[in-house]
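One structure below.
The values are calculated or read from the model by the stated rules, or taken from the named source; none is laboratory data. From a predicted model like this one, the values you see are computed outputs, not experimental measurements. For neighbour counting, all protein chains shown are included, and Cβ atoms are generated from backbone atoms with ideal geometry for every residue, glycine included.
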Amino acid sequence: MTQKLIVGSVGVTGLTTSYLLYQDSLTANAMTAAEHGLHPPAYGWSHNGMFDTFDHASIRRGYQVYKEVCAACHSLDRIAWRNLVGVSHSTSEAKAFAEELEYDDEPDDEGNPKKRPGKLADYIPAPYPNEQAARAANQGALPPDLSLIVKARHGGSDYIFSLLTGYPDDPPAGVVLPPGANYNPYFPGGSIAMGRVLFDGLVEYEDGTPATTSQMAKDVTTFLNWASEPDNDERKRWGLKALIVVSSLYLISIWVKRFKWQPIKNRKFRFDPPKKN
Amino acid sequence: MASLITQLFQRNSIYVATIFAGAFAFEGFFDAGVTAWFEHHNRGKLWKDIKGNYLEGGDEDDE
């Protein structure tokens, strides 16, 4: 009987293992660590904490980097000039930015298209009129819109920062890149169409911050993080209020429960049996 | 004190009105307190703290 049981269980185990190995052999997973991209380290962003707002001076510098560097190829479709007001620029500064540009106006009485200077409600214009133009100008690669890029990539801000600062001087030995591609270990697959764009001293900050590569990368990442999550500061302020109110109500509810149940839990029953005659 | 509470509970309209008014007053003070702490915690990072560095002579029209 015992022997039968042992033989039976060995048989079941063997069959199960064979079945699982066979199932596993049906699919091949070619993804290697390099194809996933190097995982970025976790950086200590000044807005990381539960109650920490963005560093708005950094957002302002980041806008300058976006405008002078990134905007040559990348659009920022979901940010209007008005969004900058009270965040990184004053109303008059944002108005001045918008008025430098021309936007489509209502056609005149004869139906001819007209142009007008921009206003606060206008959105930041894209560098290319459409996707085909963007691809044609970039060897077939489409520069992604940056409005939500921090939310749209694994690793968020850490990834963007690592990507911008992570271009090695030469690709490692043995890596073959398609023509026009650059090597970046943080980019999944390693072959990225965008080349290294940030070099020390590329922009000149108005507040005198030294424009090193990592400073510009940090500022533009903070700016893009704000573009992805403009609600961050208000959300954290409301979160603090909600935490205080909800935890107070929770503690009060515990107290009320104990208060109400105290006499019920503490009472004692006594049974006095009727006396037998 | 006891008479005040009796007064409060005597009429439902007064009871409910007191709760509403109390909530309104509480939110005002609570929000001011939380915001004060929050802005102190993040001082130097907020736009209202840094805008003086960029604007000459008080740009009045923010927000």
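So here's what we get for this one:
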{"read-out": "Qualifying residue in the range A:120-127 (condition: assigned to a loop (DSSP other than H, G, I, E, B), within 14 Å of chain B (Cβ to nearest Cβ) and either of a type in the set (K, R) or more than 27 Å from A:A211 (Cβ to Cβ) (or both))", "value": "yes"}
{"read-out": "Residue in the range A:185-203 that is aromatic (F, W, Y), within 23 Å of the chain's Cα centre (by Cα) and more than 14 Å from chain B (Cβ to nearest Cβ) present", "value": "yes"}
{"read-out": "Residue that is farthest from the chain's Cα centre (by Cα) [pool: residues in the range B:11-29 that are among the hydrophobic types (A, V, I, L, M, F, W, C) and within 24 Å of A:A242 (Cβ to Cβ)]", "value": "B:I19"}
{"read-out": "Any chance A:D207 is within 23 Å of A:H36 (Cα to Cα), in a loop (DSSP other than H, G, I, E, B) and of a type in the set (D, E, K, R)", "value": "no"}
{"read-out": "Helices (runs of 4 or more DSSP H) wholly inside the range B:1-56 that include at least 2 residues being in contact with a helix residue (DSSP H, G or I) (Cβ under 8 Å, 6 or more places away or on another chain), away from chain A (no Cβ under 14 Å) and surrounded by 10 or more Cβ atoms within 10 Å (Cβ to Cβ)", "value": "B:2-10, B:12-41"}
{"read-out": "Condition broken by A:D55, with the remaining ones in (1) more than 10 Å from chain B (Cβ to nearest Cβ); (2) in contact (Cβ under 8 Å) with a residue 40 or more places away in the chain satisfied", "value": "(1)"}
{"read-out": "Residue selected from the range A:24-42 under the condition among the polar types (S, T, N, Q) and assigned to a loop (DSSP other than H, G, I, E, B), by the criterion nearest to the other protein chains (Cβ to nearest Cβ)", "value": "A:T32"}
{"read-out": "Odd one out for A:E35, checked against (1) among the acidic types (D, E); (2) loosely packed, with under 13 Cβ neighbours inside 10 Å; (3) in contact with a Ser or Thr (Cβ under 7 Å, 6 or more places away or on another chain)", "value": "(3)"}
{"read-out": "Only listed residue being in a helix (DSSP H, G or I), at pLDDT 95 or above and within 13 Å of chain B (Cβ to nearest Cβ), chosen from A:W261, A:W238", "value": "A:W238"}
{"read-out": "Qualifying positions in the range A:161-193 - of a type outside the set (G, A, S), in a loop (DSSP other than H, G, I, E, B) and touching a strand residue (DSSP E or B) at 6+ places or on another chain (Cβ under 7 Å)", "value": "A:Y167, A:P168, A:P171, A:V175, A:L177, A:P178, A:N184"}
{"read-out": "Some residue of the range A:73-90 being within 27 Å of A:G190 (Cα to Cα), more than 19 Å from the chain's Cα centre (by Cα) and touching a residue at least 60 places away in the same chain (Cβ under 8 Å)", "value": "yes"}
{"read-out": "Every residue from the range A:43-71 that is part of a loop (DSSP other than H, G, I, E, B) and either in contact with a Ser or Thr (Cβ under 6 Å, 6 or more places away or on another chain) or not hydroxyl-bearing (S, T, Y) (or both)", "value": "A:G44, A:W45, A:H47, A:N48, A:G49, A:M50, A:F51, A:D52, A:F54, A:D55, A:V69"}
{"read-out": "Pair list, Cβ under 8 Å, 6 or more apart: the range A:128-157 residue in a loop (DSSP other than H, G, I, E, B), other residue of a type in the set (D, E, K, R)", "value": "A:A141/A:R135; A:L142/A:E131; A:L142/A:R135; A:D145/A:D77; A:D145/A:R78; A:S147/A:D77; A:S147/A:R78; A:L148/A:R78"}
{"read-out": "Some residue of the range A:1-13 being within 14 Å of chain B (Cβ to nearest Cβ), part of a helix (DSSP H, G or I) and among the hydroxyl-bearing types (S, T, Y)", "value": "no"}
{"read-out": "Complete set of residues in the range A:72-96 that are more than 18 Å from A:A57 (Cα to Cα) and either within 14 Å of another protein chain (Cβ to nearest Cβ) or not in a loop (DSSP other than H, G, I, E, B) (or both)", "value": "A:A72, A:A80, A:K95, A:A96"}
{"read-out": "Test: residue in the range A:76-98 that is out of contact with any strand residue (DSSP E or B) (no Cβ under 8 Å at 6 or more places or on another chain), loosely packed, with under 15 Cβ neighbours inside 10 Å and within 18 Å of A:Y66 (Cα to Cα)", "value": "yes"}
